[in-house]
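A.B. asks: Would you mind keeping the following structure in view while I ask a few things?
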């Protein structure tokens, strides 16, 4: 087959693509309904995932590794729910933020960081350039297979102009430059290009199905025949058993994971499924159409691999089977179709990838440099910023493709298709932690993302491309065998001693693990900037913002004319006018009347500018005209701090106020108590005075009588008066002692002399002390049986902690009261004791007239005395029971009286048993 | 006959027997007839019975106190001419005012002076 024919066909095909893209763009410009606003077109364009690698390499892989090729397609299919969730969120955020690429997305998420954008761009370029070179190689390889079938493949020409691959690269650069940069769209949409990509997806699917059907049904007699023959063929029998087809679970899982991540973070996938997405409503349908596409395009991979194995010499490269199979049967027209299919797969990939990379490259590297170098300041009037931007894009595309071409020649020629693809997958997978982490977790910081990316990137570079380059002779190769710096654990294929994995799985494992770890740890230990916090909130809670809420943290203003100038430069006059009109209509204001634009218009302008040059660059440009600087983190922190302090302060005041109120209340209470105490004291003094005056009155009067009228007095009178004087004197001294007692007991200073004493013993002593008086008055003083039992039974000795003297005072007081009030004719007093619930109870019972219930409380108060009907006023101070109760209560006990009038009275005190 | 002697009937009311004993001696010395009561009720009974010229009344007594007893006495028409002397440990001015308001002739604070008491009683008996 002649080279001219093949080149001609390829050019004809590219012309068809040109036409489709041009026609769609024309329709779009005429305002007709977009053909791309359709879920099937959206899903088909996603099939840009299937590259020349799918087209040729899958068969090659299946021929050598059995079913393992499926992992790349199973990943996205199996994780479809996750993919759906992620994609939906990505699309919503990107529409809200006018995201132009994955680098823009990550940069926007982390405070519109220019550094991150640059790093992501470089990472993408490093990761993708080999992949693009692979596509170029596939095309060259297809041309060579077609033109030199059955011959030895020609040596790679050193003459650029003689190399078909060079011309292929140039043709692709032109196509991409024309349709990937036809206009500067604020949303970075390229309907024509997307339509052409969707068309290409249909072409590659149909061609692959056609060649599959041809081989299965025309070379063989259907799948049954093919598989039956494969079972008996020595070359293929092993492929059909799990022995050969099975892959280590770790490898399999890692491939699934890598492909899942790749379908999200591959720049072309991100571009097609996120940036070019016209409506989030298309996502659900694409979620089943796309896997179905993957299933269809893979259905004949295995039959083709088996057929190739059976029909060809093992020396034939399995990657050529798809082309060689029809050619070997003389079906050249099918082979040409296959070439067109493979060409189509390669071009679609290259076009989208190059577009995406050029957007990143121009927005994040070239434009910032130009802004920094003042090429865009107001002094330098440029004719048309938009046109210039597009030129930059075009140059970028050319650079990217040239790089790829160079890489393919310098390094890539000794690698198979799949390996290069997977190396790329692993590289771009490094973007996943920062991307996905930032979608669901607010904490990650720019530093965390940057550190994670760099670590992942270096591990990837060290484990995959560097050894390849070493093998290609570009680098010294000894570090592969001996480890970096001769350190055993730094071998690129067995990092930290992890051996037994293939290089891809190994590199993916370490790079993703370390990337995620560093990303997480750094994020936790660094502070996010203000803008990162705002953006994090928008990204994580995008649904909130989609429903109309706007982030209102940035308070900025700028001159309307300045903003207009900037927008004119970057978007062109027409687009700027449209934007101004839209804003004025939506907000019902006239911008020209306002000199200073408010924050929301500044944001509006920046967002649309970001659509053209990326968030980070837009921010840089805006900063040159925006008057009020962004509130710095420190300022926000200090505002927060002040607020917090104010809150704390008012809380403090509140609590102080409460404390004051409480203090006032307690003071008032204390004052009341003092007043009460004071009046009690006054009462007490009055009472004591009164109680003193009475005996003093008697003493004074009677002693005076004896002095003045001694001779008038009879002997009986004199001795009566004298004994009254003596008794009243006793009464005074007793009163004084008891008042002093009360003072001592009430004051804390006089603490009790507590000792362990036997209660029964103490009572016995008190009883024997008072017994003579009882006998004098003919009162029967008895101890109960129970008391005697406690007294005699040594095992049940009741011990209490008590001040023996004070307690004795209580018992004697109670006994003498009982003696005073018991029946004057046949008086009887009984002492009883019992123990219950660790309390000892001592009861002293008399058989007097008893105490009326209404008086039972009063008798324990100061200076109250009961009058016996028979005896009139008893001798006493009225302080005895008061003091007794005080003493008992000081011992943590209580003193009560139980009595019914006429039934006698029982005074019972209790003490805790120790 | 001692010129100091005055005929008269005196009721002494105090819950302290020793004080009653002392006053009884002092008044009997000057020729008075002395009735003794140890609380308010007893005092009223004896007052109605004997219609004394003078009642020497303690204030702080259990049951009916001196002021109340005084009020009761003043309400009895038959005792219109009976004079009342308070003899009490309550020495505050407020108590004195209360005492005079209750219709007392004289208010004396304990401990009293024997001679003063006798003089007051004599004067009341002489001049009404």
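The values are calculated or read from the model by the stated rules, or taken from the named source; none is laboratory data. Bear in mind that the values here come from a model prediction, so they are computed numbers and not experimental data. Using ideal geometry, Cβ is built from the backbone for each residue, glycine included, and neighbour counts are taken over all protein chains shown.
Let's see how each residue does on (1) away from chain B (no Cβ under 14 Å); (2) touching a strand residue (DSSP E or B) at 6+ places or on another chain (Cβ under 7 Å); (3) outside any helix (DSSP H, G or I):
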{"site": "A:695", "(1), (2), (3)": "no, no, no"}
{"site": "A:707", "(1), (2), (3)": "no, no, no"}
{"site": "A:721", "(1), (2), (3)": "no, no, no"}
{"site": "A:724", "(1), (2), (3)": "no, no, no"}
{"site": "A:732", "(1), (2), (3)": "no, no, no"}
{"site": "A:744", "(1), (2), (3)": "yes, no, no"}
{"site": "A:753", "(1), (2), (3)": "yes, no, yes"}
{"site": "A:765", "(1), (2), (3)": "yes, no, no"}
{"site": "A:768", "(1), (2), (3)": "yes, no, no"}
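A.B. asks: Among A:773, A:722, which is the only one that is touching a residue at least 12 places away in the same chain (Cβ under 8 Å), in contact with a helix residue (DSSP H, G or I) (Cβ under 9 Å, 6 or more places away or on another chain), closer than 25 Å to residue B:109 by Cα and surrounded by fewer than 16 Cβ atoms within 10 Å (Cβ to Cβ)?
C.D. replies: Working: A:773 fails: closer than 25 Å to residue B:109 by Cα.
Matching residue, one of A:773, A:722: A:722.
A.B. asks: Continuing with this model, one more query. Testing residue A:203 on (1) at pLDDT below 85; (2) surrounded by fewer than 24 Cβ atoms within 10 Å (Cβ to Cβ), one condition comes back false. Which one is that?
C.D. replies: Only one criterion in (1) at pLDDT below 85; (2) surrounded by fewer than 24 Cβ atoms within 10 Å (Cβ to Cβ) is unmet by residue A:203, namely (1).
A.B. asks: Report whether or not residue A:56 is modelled with pLDDT of 75 or more and either outside the structural domain of residue A:421 (by TED's automatic domain parsing) or in a helix (DSSP H, G or I) (or both).
C.D. replies: Details: modelled with pLDDT of 75 or more: yes; either outside the structural domain of residue A:421 (by TED's automatic domain parsing) or in a helix (DSSP H, G or I) (or both): yes.
So residue A:56 fits the description; yes.
A.B. asks: In addition: Has region B:7-26 got at least one residue that is in contact (Cβ under 8 Å) with a residue 60 or more places away in the chain, more than 13 Å from chain A (Cβ to nearest Cβ), surrounded by fewer than 19 Cβ atoms within 10 Å (Cβ to Cβ) and over 20 Å from residue A:697 (Cβ atoms)?
C.D. replies: So far as region B:7-26 goes, yes, one or more of its residues are in contact (Cβ under 8 Å) with a residue 60 or more places away in the chain, more than 13 Å from chain A (Cβ to nearest Cβ), surrounded by fewer than 19 Cβ atoms within 10 Å (Cβ to Cβ) and over 20 Å from residue A:697 (Cβ atoms).
A.B. asks: Pairs, please: C-beta under 9 Å, at least 6 apart or cross-chain, first residue outside the structural domain of residue A:206 (by TED's automatic domain parsing) and in contact (Cβ under 8 Å) with a residue 12 or more places away in the chain and in region A:292-314, second part of a helix (DSSP H, G or I) and surrounded by fewer than 23 Cβ atoms within 10 Å (Cβ to Cβ)?
C.D. replies: Listed pairs, sorted by first residue: none to list.
A.B. asks: For region B:112-119, state whether one or more residues are touching a residue at least 12 places away in the same chain (Cβ under 8 Å), under 24 Å from residue A:687 (Cβ atoms) and in contact with a strand residue (DSSP E or B) (Cβ under 9 Å, 6 or more places away or on another chain).
C.D. replies: Within region B:112-119, one or more residues are touching a residue at least 12 places away in the same chain (Cβ under 8 Å), under 24 Å from residue A:687 (Cβ atoms) and in contact with a strand residue (DSSP E or B) (Cβ under 9 Å, 6 or more places away or on another chain).
A.B. asks: Another question, if that's okay. For residue B:53, indicate whether it is more than 21 Å from residue A:689 (Cα to Cα), touching a residue at least 60 places away in the same chain (Cβ under 8 Å) and in contact with a strand residue (DSSP E or B) (Cβ under 6 Å, 6 or more places away or on another chain). Lay out the reasoning, then the answer.
C.D. replies: Working: more than 21 Å from residue A:689 (Cα to Cα): yes; touching a residue at least 60 places away in the same chain (Cβ under 8 Å): yes; in contact with a strand residue (DSSP E or B) (Cβ under 6 Å, 6 or more places away or on another chain): yes.
Taking the combined requirement at face value, the residue satisfies it.
A.B. asks: Would you confirm, using the coordinates I've provided, whether residue B:60 is surrounded by 14 or more Cβ atoms within 10 Å (Cβ to Cβ), more than 13 Å from the chain's Cα centre (by Cα), away from chain A (no Cβ under 11 Å) and on the phi < 0 side of the Ramachandran plot? Even if it seems obvious, please write down each step before you answer.
C.D. replies: Working: surrounded by 14 or more Cβ atoms within 10 Å (Cβ to Cβ): yes; more than 13 Å from the chain's Cα centre (by Cα): yes; away from chain A (no Cβ under 11 Å): no; on the phi < 0 side of the Ramachandran plot: yes.
Here the answer is no, as residue B:60 does not meet what is asked.
A.B. asks: Further question on the same structure: Go through region A:138-160 residue by residue and tally those that are modelled with pLDDT under 55 and either in contact with a strand residue (DSSP E or B) (Cβ under 6 Å, 6 or more places away or on another chain) or not in a helix (DSSP H, G or I) (or both).
C.D. replies: To start, the set of residues in region A:138-160 that are modelled with pLDDT under 55 comprises A:152-160.
Subset that is either in contact with a strand residue (DSSP E or B) (Cβ under 6 Å, 6 or more places away or on another chain) or not in a helix (DSSP H, G or I) (or both): A:152-159.
Number of matching residues: 8.
A.B. asks: Please go through (1) within 17 Å of residue B:11 (Cβ to Cβ); (2) buried (at least 16 other Cβ atoms within 10 Å of the Cβ) for residue B:95 and return the number of the only condition it doesn't satisfy.
C.D. replies: Condition not satisfied by residue B:95: (1).
A.B. asks: Only residues that are out of contact with any helix residue (DSSP H, G or I) (no Cβ under 9 Å at 6 or more places or on another chain) and not in a helix (DSSP H, G or I): list them for region A:876-892, please. Spell out how you get there, then give the answer.
C.D. replies: Taking region A:876-892 and keeping what is out of contact with any helix residue (DSSP H, G or I) (no Cβ under 9 Å at 6 or more places or on another chain), we get A:889, A:892.
Result: A:892, single match.
A.B. asks: Can you tell me which condition residue A:555 does not meet? The list is (1) at pLDDT 75 or above; (2) surrounded by fewer than 19 Cβ atoms within 10 Å (Cβ to Cβ); (3) touching a helix residue (DSSP H, G or I) at 6+ places or on another chain (Cβ under 9 Å), and all the others hold.
C.D. replies: Of the numbered conditions (1) at pLDDT 75 or above; (2) surrounded by fewer than 19 Cβ atoms within 10 Å (Cβ to Cβ); (3) touching a helix residue (DSSP H, G or I) at 6+ places or on another chain (Cβ under 9 Å), the odd one out for residue A:555 is (1).
A.B. asks: Now for a separate question. Filter region A:793-802 for residues that are surrounded by fewer than 18 Cβ atoms within 10 Å (Cβ to Cβ) and in contact with a helix residue (DSSP H, G or I) (Cβ under 9 Å, 6 or more places away or on another chain) and give the result.
C.D. replies: Kept after step one, since they are surrounded by fewer than 18 Cβ atoms within 10 Å (Cβ to Cβ), are these residues of region A:793-802: A:793-797, A:799, A:801.
Residues satisfying the conditions are A:796, A:797, A:799.
A.B. asks: Another question, if that's okay. For residues in region A:834-844 being surrounded by fewer than 21 Cβ atoms within 10 Å (Cβ to Cβ) and touching a residue at least 60 places away in the same chain (Cβ under 8 Å), which is farthest from the chain's Cα centre (by Cα)?
C.D. replies: Keep residues of region A:834-844 that are surrounded by fewer than 21 Cβ atoms within 10 Å (Cβ to Cβ), which gives A:834-839, A:841, A:843.
Now narrow it down to the ones that are touching a residue at least 60 places away in the same chain (Cβ under 8 Å): A:835, A:838-839, A:841, A:843.
Details: A:835: 64, A:838: 57, A:839: 60, A:841: 65, A:843: 71 Å.
Taking the candidates together, the pick is A:843.
A.B. asks: Do you know which of the residues in region B:35-44 that are part of a strand (DSSP E or B) and within 14 Å of another protein chain (Cβ to nearest Cβ) is surrounded by the most Cβ atoms within 10 Å (Cβ to Cβ)? Don't jump to the end; show me each part of the working.
C.D. replies: Quick first cut of region B:35-44, residues part of a strand (DSSP E or B) only: B:35-37.
Remaining after also requiring within 14 Å of another protein chain (Cβ to nearest Cβ): B:36-37.
Values: B:36: 17, B:37: 23.
Checking each candidate, the answer is B:37.
A.B. asks: Taking residue A:170 as the residue in question, decide whether it is within 27 Å of residue A:20 (Cα to Cα), out of contact with any helix residue (DSSP H, G or I) (no Cβ under 7 Å at 6 or more places or on another chain) and modelled with pLDDT under 85.
C.D. replies: Working: within 27 Å of residue A:20 (Cα to Cα): yes; out of contact with any helix residue (DSSP H, G or I) (no Cβ under 7 Å at 6 or more places or on another chain): yes; modelled with pLDDT under 85: yes.
Spelling it out, residue A:170 is indeed within 27 Å of residue A:20 (Cα to Cα), out of contact with any helix residue (DSSP H, G or I) (no Cβ under 7 Å at 6 or more places or on another chain) and modelled with pLDDT under 85.
One line per residue, one yes/no per condition, for (1) surrounded by fewer than 24 Cβ atoms within 10 Å (Cβ to Cβ); (2) in a helix (DSSP H, G or I); (3) outside the structural domain of residue A:430 (by TED's automatic domain parsing); (4) out of contact with any helix residue (DSSP H, G or I) (no Cβ under 7 Å at 6 or more places or on another chain):
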position	(1), (2), (3), (4)
A:66	yes, yes, no, no
A:100	no, no, no, no
A:112	no, no, no, no
A:118	yes, yes, no, no
A:122	yes, yes, no, yes
A:126	yes, yes, no, no
A:133	no, yes, no, no
A:136	no, yes, no, no
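A.B. asks: Looking at region B:79-92, which of its residues are surrounded by fewer than 21 Cβ atoms within 10 Å (Cβ to Cβ) and within 14 Å of another protein chain (Cβ to nearest Cβ)?
C.D. replies: Within region B:79-92, B:91, B:92 meet the criteria.
A.B. asks: When you scan region A:665-681, do you find a residue that is on the phi < 0 side of the Ramachandran plot, within 11 Å of chain B (Cβ to nearest Cβ) and exposed (fewer than 12 other Cβ atoms within 10 Å of the Cβ), even just one?
C.D. replies: At the first step, the residues of region A:665-681 found to be on the phi < 0 side of the Ramachandran plot are A:665-681.
With the extra rule that they be within 11 Å of chain B (Cβ to nearest Cβ), the set shrinks to none.
For region A:665-681, residues on the phi < 0 side of the Ramachandran plot, within 11 Å of chain B (Cβ to nearest Cβ) and exposed (fewer than 12 other Cβ atoms within 10 Å of the Cβ): absent.
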